[in-house]
1. Net charge near residue 164: determine it from the other residues with C-beta under 12 Å of the C-beta of residue 164, scoring Lys and Arg +1 and Asp and Glu -1.
2. Using a cut-off of under 18 Å, list every residue of the stretch 147-181 whose amide N is near the label point 7 Å from the Cα of residue 16 along the Cα-to-beta-carbon line.
3. Using the Karplus equation 6.51 cos²θ - 1.76 cosθ + 1.60 (θ = phi - 60°), what ³J(HN,Hα) coupling, rounded to whole Hz, does each residue of the stretch 206-223 give in order, writing x for Gly and Pro?
4. Cα axis of helix 3-14 to longest principal axis of the chain: angle in degrees, 0 to 90, nearest 10?
5. Given the DSSP H assignment, sum -39500 (n - 2.57) over each helix run of at least 4 residues in the chain and divide by its residue total; what's the result at 222 nm in deg cm²/dmol, nearest 500?
6. Enter the accessible area per residue of the stretch 88-169 (Å², integer; probe 1.4 Å; all protein chains in place).
7. What does the charge count around residue 209 come to, taking other residues whose C-beta lies under 15 Å from its C-beta (Lys +1, Arg +1, Asp -1, Glu -1)?
8. Can you give the accessible area of residue 38 in Å² (nearest 10), computed on protein heavy atoms with a 1.4 Å probe?
Amino acid sequence: MDLQELASSVMREEGRSSTPFGLYVIPASDPRSELARHVERAVFGEFFGETEEFLRQEYDEYEQGSVFLVVLDHPRRLPAGVVRLIVDSPAGFKSLNDLERIWGEDIDAVLARSGVDVDPSTIWDVATIAVMPEYRKSSTNGLISLALVQAVITLAAKRGVELGLAVFDLVALDLIQAVCGRAWQTFDGLEPKGYLGSPSSIACYCDMQEFCPRLAFTDPDLY
């Protein structure tokens, strides 16, 4: 099926296509997750020049643990944005594994000096976040990015997630922090490095047990 057929299938199943956009949770095992991979390929290729083969090399081993949050444009029946979440699986978490592969750091040592110690079953790794060009900036006033960030945090809170992980391009991190109450902290002792085509990225974590009470106190409306 093409993208519009895949999107139509999701919309029919959920039965809530009356709004301009909708956000849907699609596991990697669902054929309709091609909607999410289309956005990943398009955006990574645009910004970082990464090929489809390169992305397969980076993410295929994490498919078993991948779940996608996909924003669909209902009138056009096309994907507008995506987040790839990696949950606990035999492959582990890409952001942690890349602490060793890219930063040359021991995972346990990094977690220990940052005071991070949680059960892997309560970790979500935000492996990718991407918005198609036509849905950025003034065209939607940041709605798609905001919807994705909000979905990650609200779903994490509802599902009992204790720790979020991510490796963010520094420019993207500034934008994300501005809309989510500065949820993310950088690991102690790490410096930005080139990562997956980004010239400067940094590994981050979100301690949900610290973040949620802080947000409730500092910004009750956003909370």
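1. Once positives and negatives cancel, what remains is -3.
2. 147-159, by backbone N distance to the label point.
3. Going residue by residue, I get 10, 7, 5, 6, 8, 5, 4, x, 5, 5, 4, 7, 8, 8, x, 5, 5, 4 Hz, with x marking Gly and Pro.
4. The angle comes out near 80 degrees.
5. -12000 deg cm²/dmol
6. Value for the stretch 88-169: 47 Å² per residue.
7. Net of charged neighbours comes to -2.
8. Around 60 Å² of this residue is reachable by solvent.
The values are calculated or read from the model by the stated rules, or taken from the named source; none is laboratory data. In this text, all values refer to a predicted model and were calculated from it rather than measured experimentally. Positions of Cβ are generated from backbone atoms using ideal geometry, with glycine treated the same way; all protein chains shown enter the neighbour counts. When the accessible area is computed, the model is the full protein with side chains, heavy atoms only, and any ligands, DNA or RNA have been set aside. Shrake-Rupley method; radii C 1.70, N 1.55, O 1.52, S 1.80 Å.
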